[in-house]
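Single-structure report; data block below.
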Amino acid sequence: MTAPFYITTPIYYVNAKPHLGHTYTTIATDVARRYHDMLGAETFMLTGTDEHGDKIVKAAEKNGQSPREYADRISRLFAELWPELNIHCDHFIRTTDASHIAVVIDILQKIYDKGDIYYSEYEGLYCFGCERFFNERELVDGKCPDHGTPPDVIKESNYFFKMSRYQQWLIDSLTDNPDLIRPARYRNEVLSFLKEPLEDLCISRPKSRLQWGITLPFDDRYVTYVWFDALINYVSALGYPDGEHFKKFWPHVHHVVAKDILKPHGIYWPTMLKAAGIDAYKHLMVHGYWNVEDSKMSKSLGNVVDPIYLKETYSTDAIRYFLMREMVFGLDSSFSETSIINRINSDLANDLGNLFSRVLGMFHKYFKSTVPEFDPDAKSDFQLDLKSDAQTAISDFCKAMDNFEFHKALVAVWEYIGKMNKYVDVTAPWELAKKKEAKKQLDTVIGNLLEGLRVVSGLIYPVMPETAATMQKHLGMDAEKPFYRIREIREWPQIPPNQVLPKAVSLFPRIDPETILGPAASGETHEPAAPIEPEIGFEEFSRIDLRAATVLKAEKIPKADKLLKLEIDLGNHTRTIVAGIAKFYTPDELIGKSIVVLANLKPAKLMGVESKGMLLAAVEKNACSVAVLDREMPAGARLK
Ligand code: MSP
């Protein structure tokens, strides 16, 4: 019997709206879960939000709300996003749920009673962004590796979990179960961390500093450290210790996280489970980061991508496909809209979409929309065998999916799509259709092609459930009972003969990059908006003298391929400015324009020309647009 399959995402902090990083993990989790449904396992998927701690208090304050109101609002954004992306979770947990709090208290008390929690004074380096203490060797140039800020020195009395006691046990577990943390690079990372003595974990925060948390059952002057609280969600959501779900699904769990939270999941969590007398989790699956221009996509860097924008622009299935196909699970990946468009145009529109409309087009034409009966074992004259190739594709797909190698699984499907396209070319059904005596052969060719499409529709189901359903509907599969179990997909043929199929649709229309990214896109995406600079007062702004100016003359500066020299009219005088826009504007284009100039900028010499002021323009690496006034104004008018 197939073992139950329990899969979790991290529970996301409610200090920011969901972005593409969170979306990737949650889609990957949904895909893995759907795949295990295909294997016939009983499955359970958990996601949710992590709501206690200093980070949330600060974000709530900034938004003028209480932590509770703020957490309610942001948590809802996460809960409402996932169904929009066809992610189906069985439970959405919030760490402010009473049932979760009760389990945290229960586990804390158990570990305390066992003697694994003690009280002590501690002085350490604390990062408020991460809400944890760091030791020197974890810092990079004395700064927090995630936030780039120096930690604060904090001295206070706190409760500590005797994590060090479980160091050897953890090393042994990782050595005995090479599969516990995957891919192997992350297991090795944890093992190498464990080469140094493990420090005990500070698991409390004094209420004098933080109240938004779960009060310790053995000392009401303290709340629980947010990670100790959060990790427990994975068992509290199942109704630990006596719940039916807990009994069924624990420890058959796969935790999916990115590498940023490897340490809490690879070290704190297994030792906490051990101390609480709960079986160790089965697998920790660790993926890399989605980067934008070499930096991790994150709220603090202000370079996040909105999943709803992507869904509305490209469709849910296309985004799910892109994310699963583009990232090699475990490694970092670069995000750009250009790569989404390339994937859609080549893999979805060209390969899959074309094959689907090509095959169904011929089927409707040559068979008047009625499924032919054919001999699935008939040996064709052609050296191609879609039936046995399908078995190979299914096996390769499963092997990759078992290892969370989503990209490889999709490559296996697309290789099969390639074979099907080749099969069409080689068998040339349009030639067979011309000869009466080739009728049987034509039945076989089209019959096999329809079956091949059915296999493809089944295999893409976990990644693109909507497309799978559309394909199956047009292949005459019962919409009420999708044929997505691996066992059923393997059976050939499956499509009931003699039924009339509905006319085909286009699965993925091609996308013109310019319509989405604009003419400047020519193969390159726009840069994400840079973070907004720190606030300034009006007084500071009023020292910046911005004026309307008319361009009287413009010319190139010899030997400076980026610079233009402009003579501008500022109402009561003219002056010269130099602008680095020669790559984007010809001198003629600028003459007569009413531009905006920073008039009180200190003069500077550029390539021997003194520039008295600076024009304003929106500038990116590959695009530039000079700011102009959209109504006539006298030169010299001030902008405020
Ligand atoms: N609340 C903790 C997790 C507690 S789990 C018991 C937390 N929350 S988080 O909101 O910061 O989410 C971190 C997770 O979001 C990452 O581990 C990853 O799953 C996802 N990602 C956030 N940014 C990401 C990228 N740029 N790239 C890939 N995944 C990203 O940590």
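The values are calculated or read from the model by the stated rules, or taken from the named source; none is laboratory data. Here the structure is a predicted model, which means the values were calculated and not measured. Here the Cβ positions follow ideal geometry from the backbone for every residue, glycine too, while neighbour counts run over all protein chains shown.
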Q. Given the conditions (1) within 13 Å of the ligand (Cβ to nearest atom); (2) small (Gly, Ala, Ser); (3) farther than 22 Å from GLY266 by Cβ; (4) surrounded by fewer than 24 Cβ atoms within 10 Å (Cβ to Cβ), which single one is not true for ALA71?
A. (4)
Q.
List the residue pairs whose Cβ atoms are under 8 Å apart, where the first residue sits in region 587-603 and is in contact (Cβ under 8 Å) with a residue 24 or more places away in the chain, the second is surrounded by 15 or more Cβ atoms within 10 Å (Cβ to Cβ) and basic (Lys, Arg), and the two are 6 or more positions apart or on different chains.
A. VAL596/ARG547; VAL597/ARG547; ALA599/ARG547
Q) Mind checking whether some residue in region 289-304 is in contact with a helix residue (DSSP H, G or I) (Cβ under 9 Å, 6 or more places away or on another chain), away from the ligand (no atom under 15 Å from the Cβ) and assigned by TED's automatic domain parsing to the domain that holds ARG185? A) no
(Q) Given (1) part of a loop (DSSP other than H, G, I, E, B); (2) within 21 Å of TYR186 (Cα to Cα); (3) touching a helix residue (DSSP H, G or I) at 6+ places or on another chain (Cβ under 7 Å), identify the lone condition not met by PRO270. (A) (1)
Q | CYS130 vs. criteria buried (at least 16 other Cβ atoms within 10 Å of the Cβ) and modelled with pLDDT under 95 | A | yes
Q: Run down TYR240, TYR309 and say which single residue is closer than 19 Å to HIS19 by Cβ, away from the ligand (no atom under 12 Å from the Cβ) and either more than 13 Å from the chain's Cα centre (by Cα) or surrounded by 23 or more Cβ atoms within 10 Å (Cβ to Cβ) (or both).
A: TYR309
Q.
If I go through region 314-333 residue by residue, how many of them are within 15 Å of the ligand (Cβ to nearest atom) and of a type in the set (Phe, Trp, Tyr)?
A. 2
**Q.** Within region 66-111, tally of residues that are hydroxyl-bearing (Ser, Thr, Tyr), in a helix (DSSP H, G or I) and more than 23 Å from MET272 (Cβ to Cβ)
**A.** 2
Q) Does ARG454 satisfy the criteria of being surrounded by fewer than 19 Cβ atoms within 10 Å (Cβ to Cβ) and either within 16 Å of ASP351 (Cβ to Cβ) or of a type in the set (Lys, Arg) (or both)? A) no
**Q.** Top-ranked residue in region 19-53 [being within 15 Å of the ligand (Cβ to nearest atom) and of a type in the set (D, E, K, R); ranked as farthest from LYS408 (Cα to Cα)]
**A.** GLU51
Q: Kindly list the number of the only condition in (1) modelled with pLDDT under 95; (2) more than 13 Å from the ligand (Cβ to nearest atom) that fails for TRP212.
A: (1)
Q) When only residues in region 487-533 that are at pLDDT 90 or above, surrounded by 11 or more Cβ atoms within 10 Å (Cβ to Cβ) and in contact with a His (Cβ under 7 Å, 6 or more places away or on another chain) count, which is nearest to MET477 (Cα to Cα)? A) LEU501
